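*Asks:* The structure's right below; bear with me while I get my questions together.
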Amino acid sequence: MTLHLHDSASRREIPLDPVTPGKVGIYLCGATVQGAPHVGHLRSGIAFDVLVRWLRRSGLDVTLVRNVTDIDDKILTRSAEAGAPWWAWAYRYEREFTAAYAALGVLPPTYEPRATGHVTEMVALMRRLEERGHAYAGDPGNVYFSVRSFEDYGALTNQRAGSSAVDETDLAPDKRDPLDFALWKAPRPGEPASAAWDTPYGRGRPGWHLECSAMAHRYLGEDFDIHGGGIDLRFPHHENEQAQSRAAGYGFARIWMHNAWVVVAGEKMGKSLGNALTVDAVLGRAAAPVVRLALASVHYRGAVEFSDVSLAEAATQWERITSFVLRSADATGEATDDELAAPDALPAAFTAAMDDDLGVSAAMAVVHAELRAANTALAEGRSADAHTGQVRVRAMLDVLGLDPLAEPWRAGTTGAGGAAGGGAAHDALAALVEGALEDRAQARADKDWARADAVRDRLTSAGISVEDGAGGARWHLAGGA
């Protein structure tokens, strides 16, 4: 089956037909680094990480561009309120986003361009639009896109007139039409001089929409395969991106993909609603792979209800998955990279589910079915079947970024011989846990079952799960924090 994806523009599932055979170019709207990342931000990163993993598993060469908006009104306002330089404020939170992506197992993008590094490309795009009759200069430093000059405006969302239209400059006196939106913006009174650049149109800074079109063109060319982002970006941001890029004569994105929100008590998660859960706060309540599982196992176009209940359910699933993988690796040997990459490692039902618009819910059902069968084989001593089950389960989990024995989760698992990796903090934890397991092993040898149970109970209460196997005791961090 060919991979079909839901195209937000045509509102139907269409086959992926790459611009360049064997290669896929993706532009993903990344972070506006005005503050700390919350779980809602990471939903998009994880959803498109699964897409990238599936495309690569399918043999495609993927280029992922995920931008950083490091200059905008909110960054300037918040940095000024904090008495910090705007660029330092933006860089601080850019690093926090990078750390959050890494903590949740999101692969790094191929390119991660910043808006402030692509002013030259933005000026070139404005000139092209002006030459083609789709942009005009207002007061010094202001440049606008003429919405009515482009007949296909609204093709993505069917929104145009009567909307809250397009940006905060709707009533600017130098605009020819209230529908027009800003490509370039003159400095406002009180803004730092460093937050503006000299251009043929006057000194100013980028409009939000212009930067993405300029960077997509720079890294992916005139036509590329997929443009992604959160559903809240469809209008006006993505509508404006598409309009200005196509008005410039570029084909732009062939497929638009939008992930749904994370919701808390039925409401979209967001800073403005006061219900945003920062990634740091959530990782204080649950282990990182548990958080990823809670976010990744819901279809990208479906809302994720994020709560203590959903985290507890994900923790139970992760414990079951990790327990089997460790026990089967101990009993039958750890699957090799070649085994995991083999064409027949993925069950046909899993492949069909993923090819159907990344059907992760159906794919997870296949994971659990294979897990049950492999657990039964392990219990019955059918080593070959248990090992095959390990290969299948781990190959599927790898597509979802959730293989317990792959990075970064491997650092949370260990065998009788010691920690599987993970840096100084994990090495220190491993030394303490292994010391306790040695005490437990001696207690068991002495048939002092009460002392052995007490050691295990202390580890369990600390969030450490112990599995006894033929090669000795294995431990790993349990689902909770």
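FYI, it's all coordinate maths here, none of it is from the lab. Just so we're clear, the structure is a prediction, and the values are computed from it rather than from any experiment. Using ideal geometry, Cβ is built from the backbone for each residue, glycine included, and neighbour counts are taken over all protein chains shown.
*Asks:* Suppose every Lys and Arg Cβ carries +1 and every Asp and Glu Cβ carries -1, with no other charges. What dipole size does segment 4-259 come out with about its Cα centre, to the nearest 20 debye?
*Replies:* Working: 28 positive and 33 negative charges, 93 e Å.
Once rounded to the nearest 20, the dipole reads 440 debye.
*Asks:* Quick one: which of 296-304, 132-140 comes out on top by average Cβ neighbours within 10 Å, and what's the full order, highest first?
*Replies:* The peptides rank, most packed first, as 296-304, 132-140.
*Asks:* Next up: Which three extents, in whole angstrom, do the alpha-carbon atoms of segment 85-149 cover along their principal axes, largest first?
*Replies:* Principal-axis extents of the Cα atoms in segment 85-149, largest first: 46, 28, 21 Å.
*Asks:* Here is a follow-up. Checking the a/c ratio against 1.5 first, then a/b against b/c, what shape does the Cα gyration tensor give for segment 4-259?
*Replies:* oblate
*Asks:* Follow-up. Under the rule a/c < 1.5 gives rounded, and otherwise a/b versus b/c splits prolate from oblate, where does segment 305-348 land using the Cα gyration tensor? The partial results should precede the final answer.
*Replies:* On the way: a/c = 4.05, a/b = 1.81, b/c = 2.23.
In terms of gyration-tensor shape, oblate.
*Asks:* Continuing with this model, one more query. Calculate the dipole size of the chain relative to its Cα centre from +1 charges on Lys and Arg beta carbons and -1 charges on Asp and Glu beta carbons; express the result in debye to the nearest 20. Walk me through the intermediate numbers first.
*Replies:* Numbers: 47 positive and 64 negative charges, 96 e Å.
That gives a dipole near 460 debye.
*Asks:* Oh, and also: Setting aside same-chain residues fewer than 8 positions from Lys447, which aspartates and glutamates have a Cα under 19 Å from its Cα?
*Replies:* Result set, ordered by chain and number: Glu438, Asp439, Asp457, Glu467, Asp468.
*Asks:* What percent does the relative contact order of segment 4-259 come to when contacts are Cα pairs within less than 8 Å and at least six residues apart?
*Replies:* Over segment 4-259, the number comes to 25 percent.
*Asks:* Determine, for each peptide in 72-79, 6-13, the mean count of other beta carbons within 10 angstrom over its residues, then list the peptides with the highest first.
*Replies:* Ranked from most to least packed, the peptides come out as 72-79, 6-13.
*Asks:* Would you compute, from DSSP H runs of 4+ residues alone, the mean residue ellipticity of the chain at 222 nm, taking -39500 (n - 2.57) per run and dividing by the full residue count, rounded to the nearest 500?
*Replies:* Per the formula, -14000 deg cm²/dmol.
*Asks:* Using the beta-carbon distance between Ala124 and Arg78 and R0 = 35 Å, what value does 1/(1 + (r/R0)^6) give for FRET efficiency, to the nearest 0.05?
*Replies:* 0.70
*Asks:* From Cα coordinates alone, what are the radius of gyration and Dmax values for the chain in angstrom?
*Replies:* In Å, with Rg to one decimal and Dmax whole: 25.6, 88.
*Asks:* Another question, if that's okay. What is the extension gain from Trp449 to Ser194, computed as 0.36 nm multiplied by their sequence separation minus the C-alpha to C-alpha distance, in nm to one decimal?
*Replies:* Contour length minus the Cα-Cα distance gives 84.9 nm.
*Asks:* Sticking with this one: Using a Cα-Cα cut-off of under 16 Å, which aspartates and glutamates could be cross-linked to Lys175, ignoring same-chain neighbours fewer than 8 residues away?
*Replies:* The qualifying aspartates and glutamates are Glu130, Asp139, Asp167.
*Asks:* Between segment 385-403 and segment 87-137, what is the C-alpha centre distance in whole Å?
*Replies:* About 36 Å separates the Cα centre of segment 385-403 from the one of segment 87-137.
*Asks:* Once phi is turned into ³J(HN,Hα) by the Karplus curve 6.51 cos²θ - 1.76 cosθ + 1.60 with θ = phi - 60°, what whole-Hz value does each residue of segment 221-235 show in order, with x for glycine and proline?
*Replies:* x, 5, 10, 9, 7, 9, 10, x, x, x, 5, 5, 8, 4, 9
*Asks:* Reachable aspartates and glutamates from Lys23, Cα under 16 Å, same-chain residues fewer than 8 places away excluded?
*Replies:* Asp61, Glu222, Asp223, Asp225
*Asks:* Now, a different point. Along segment 82-97, what does the Karplus equation 6.51 cos²θ - 1.76 cosθ + 1.60 (θ = phi - 60°) give for ³J(HN,Hα), rounded to whole Hz, x for Gly and Pro?
*Replies:* Coupling constants for segment 82-97: 8, x, 10, x, 4, 6, 6, 4, 5, 5, 4, 7, 4, 5, 5, 5 Hz.
*Asks:* Still on this structure, please answer the following. Does segment 72-119 come out rounded, prolate or oblate, given a ≥ b ≥ c as the square roots of the eigenvalues of its C-alpha gyration tensor, rounded meaning a/c under 1.5 and, failing that, prolate meaning a/b above b/c?
*Replies:* Note, shape of segment 72-119 comes out oblate.
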